[in-house]
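First the structure, in the form of structure tokens, and then the observations on it.
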Amino acid sequence: MSETPASGRIPLDRTPQWAALGKHRAEFGEQHLRELFAADPERGKRYTLRVGDLQVDYSKQLVNDRTLELLRELAAATGVAELRDAMFRGEKINITEDRAVLHTALRAPREAVIEVDGENVVPAVHAVLDKMGAFSDRVRSGEWTGHTGKRIRTVVNIGIGGSDLGPAMAYEVLRSYSDRGIDVRFVSNVDGADLHEALQGLDAAETLFIVASKTFTTIETITNAESAKAWLLTELRADTDAVAKHFVALSTNAQGVSDFGIDVANMFEFWDWVGGRYSYDSAIGLSLMIAIGREQFREMLDGFHLVDEHFRTAPFEQNVPVLLGLLGVWYGAFFDAQSHVVLPYSHYLSKFAAYLQQLDMESNGKSVDRDGNPVGWQTGPVVWGTPGTNGQHAYYQLLHQGTKVIPADFIGFAEPVADLLPGLVAQHDLLMANFFAQTQALAFGKTAEEVAAEGVPAELVPHKTFRGNHPTTTILAGELSPSVLGQLIALYEHKVFVQGAIWNIDSFDQWGVELGKVLAKRIEPVLLTGEGAEALDSSTAALVAEYRALRGR
Ligand code: F6P
């Protein structure tokens, strides 16, 4: 265990700042956004912040100046700034794993100095980025060839969790910035169907597998990588010599990589101070770098860095990740909000919510504080969402007229992507008209009087009334470029950080994923032989027996 002292903090819900917020919430009552906007014609302008290319309008949130002041006082009292500074300094703030938390070093400029255990880690970060750059140049130019001398046309990233979701999401986002002559596919699930489908139509001679695993022990990844290796060797009718030209690894575990049969010369390294869910701008981004090229990858990292610097230096009144974090704390604690929906109005962000789910829920899905005591307050929300406008025709009904408080982030872009077919460009205004309309409808609704004035029969008025007052944040940027993607991700990373700091939880461990892994290991042999079934609980034993019978065992 860490020598870092336990936080020793008084429980959050016993602080005077928490009590003040509770009192304020009661006074705030059911004030409607209609009233808040009517009382302050400048509200839209006053409650808008800017960071980099992102304009962040939080005027449609259920807050007033006093709320924001009290929330900032809570942030001050709970040491958000101190923990943030400790993170940037490379201190071991991941207490249960005794690790530094330095994803910010992955995007630091070459000349920066960031020390872990007295050693500047920035030169190593850039050495790996340079190695990735040289390798991706060779793959993109066709200089790197497979075992039979053919150039690479398909890259298959095999990884799961943070070793999949980041690059898979970002590849989708930046497709229009990618080399369309190289297809990148992602395999994560231990269900053989995933690899089966990814391999369809592939020529093994033109395929490069990237095995991405921080630990290089993750059963899904190692199993899929072994299967991919067997497929490759069968297809090429080659022996293991062929592996070197078709397999590279991204890992912190050189021994594991070499045991698997990948030459460590073809390994791209990262470090234990990079959490899996914070890793896609490390070596884990190699598949993305091959797709978009090293320059645009750097632009993305610079976007991350811009927001890192903002988070590190901006006063809390102007600090966007601090603000977003505080708003989430406000709704979880004082409105009993259980979930948070993220609604990007860009089809390229179709995997964004899935990415944020790991970032947020694996980080802040905790129920004991940093001292190991049960928390008495809400921690991380359920994060979900899909791109607009699809959701409008599915679950927005619940957002508009359901009974739950679900704060929403709307993310949109002024420009469509540069290479959109000219005939499709006109659709962008329609997309964005929906984007603006939805936050308006959610905030202001439609009163029963307005509905009745339209001549709606009295018995239908309640059904056609929109209460409104649903809180939203609108994030608007010029275009969805590599830099803007980096800015967006860093914004959410730091928002999650702020919340974890206030809730006094360790946002950087993930012990909750372990038990299921251990039990699966125990159950797998029972499925094969039936032996040991008697030790299972009666529900699982019956289900396993049925499974075995269905499999003819
Ligand atoms: O089991 C959860 C987890 O450890 C995630 O935190 C991580 O991103 C994922 O598994 C994959 O881990 P690895 O990169 O070590 O294969």
Which residues, counting only those in the range 428-472, are within 20 Å of residue 61 (Cβ to Cβ) and among the small types (Gly, Ala, Ser)? 437, 441, 443, 445, 468
Looking across the range 34-48 at residues that are under 18 Å from residue 441 (Cα atoms) and among the basic types (Lys, Arg), the single one that is surrounded by the most Cβ atoms within 10 Å (Cβ to Cβ) is 43
Residues located in the range 477-497, provided they are among the small types (Gly, Ala, Ser) and in a helix (DSSP H, G or I): 483, 486, 490
Mind checking which residues of the range 87-120 are among the small types (Gly, Ala, Ser) and either in contact with a strand residue (DSSP E or B) (Cβ under 6 Å, 6 or more places away or on another chain) or open to solvent by 10 Å² or more (accessible area, probe 1.4 Å) (or both)? 90, 100, 112, 118
So, in the range 49-70, exactly how many residues are without any contact (Cβ under 8 Å) to a residue 24 or more places away in the chain and either open to solvent by less than 40 Å² (accessible area, probe 1.4 Å) or of a type in the set (Gly, Ala, Ser) (or both)? 1
Residue tally, condition touching a Ser or Thr at 6+ places or on another chain (Cβ under 6 Å) and part of a loop (DSSP other than H, G, I, E, B), over the range 376-407: 3
Is there any pair with a first residue in the range 207-227 that is within 24 Å of residue 278 (Cβ to Cβ) and of a type in the set (A, V, I, L, M) and a second that is open to solvent by 40 Å² or more (accessible area, probe 1.4 Å) and within 8 Å of the ligand (Cβ to nearest atom) whose Cβ atoms are under 7 Å apart and which are 6 or more apart or on different chains, and what are they? none
Within the range 506-553, which residues are assigned to a loop (DSSP other than H, G, I, E, B) and within 16 Å of the ligand (Cβ to nearest atom)? 506, 507, 508, 509, 510
Which condition does residue 450 not pass, out of (1) closer than 23 Å to residue 280 by Cα; (2) of a type in the set (D, E, K, R); (3) free of Cβ contacts under 8 Å to residues at least 24 places away in the same chain, if it passes all the others? (1)
Is one or more of the residues making up the range 462-473 more than 16 Å from the ligand (Cβ to nearest atom), open to solvent by less than 30 Å² (accessible area, probe 1.4 Å) and among the hydroxyl-bearing types (Ser, Thr, Tyr)? yes
Pick from the range 171-208 the residues that are surrounded by 21 or more Cβ atoms within 10 Å (Cβ to Cβ) and within 15 Å of the ligand (Cβ to nearest atom): which of them is farthest from residue 135 (Cα to Cα)? 188
Here the residues within the range 121-161 that are open to solvent by less than 10 Å² (accessible area, probe 1.4 Å) and either within 16 Å of the ligand (Cβ to nearest atom) or assigned to a helix (DSSP H, G or I) (or both) are 122, 125, 132, 133, 136, 139, 156, 157, 158, 159
The lone exception for residue 304 - which of (1) in a loop (DSSP other than H, G, I, E, B); (2) away from the ligand (no atom under 14 Å from the Cβ) it fails: (1)
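Each row is one residue, and each column tells you yes or no for (1) surrounded by fewer than 20 Cβ atoms within 10 Å (Cβ to Cβ); (2) at pLDDT below 95; (3) more than 13 Å from the ligand (Cβ to nearest atom).
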| position | (1), (2), (3) |
| --- | --- |
| 224 | no, no, no |
| 250 | no, no, no |
| 259 | yes, yes, yes |
| 290 | no, no, yes |
| 309 | yes, no, yes |
| 314 | yes, no, yes |
Those residues of the range 450-476 which are in contact with a Gly (Cβ under 8 Å, 6 or more places away or on another chain) and outside any loop (DSSP other than H, G, I, E, B), in sequence order: 466, 474, 475, 476
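The values are calculated or read from the model by the stated rules, or taken from the named source; none is laboratory data. Keep in mind the model is a prediction, meaning the values are calculated, not measured. Every residue, glycine among them, receives a Cβ derived from its backbone with ideal geometry; neighbour counts consider all protein chains shown. With ligands, DNA and RNA removed, areas are computed over all heavy atoms of the protein, side chains included. Shrake-Rupley method; radii C 1.70, N 1.55, O 1.52, S 1.80 Å.
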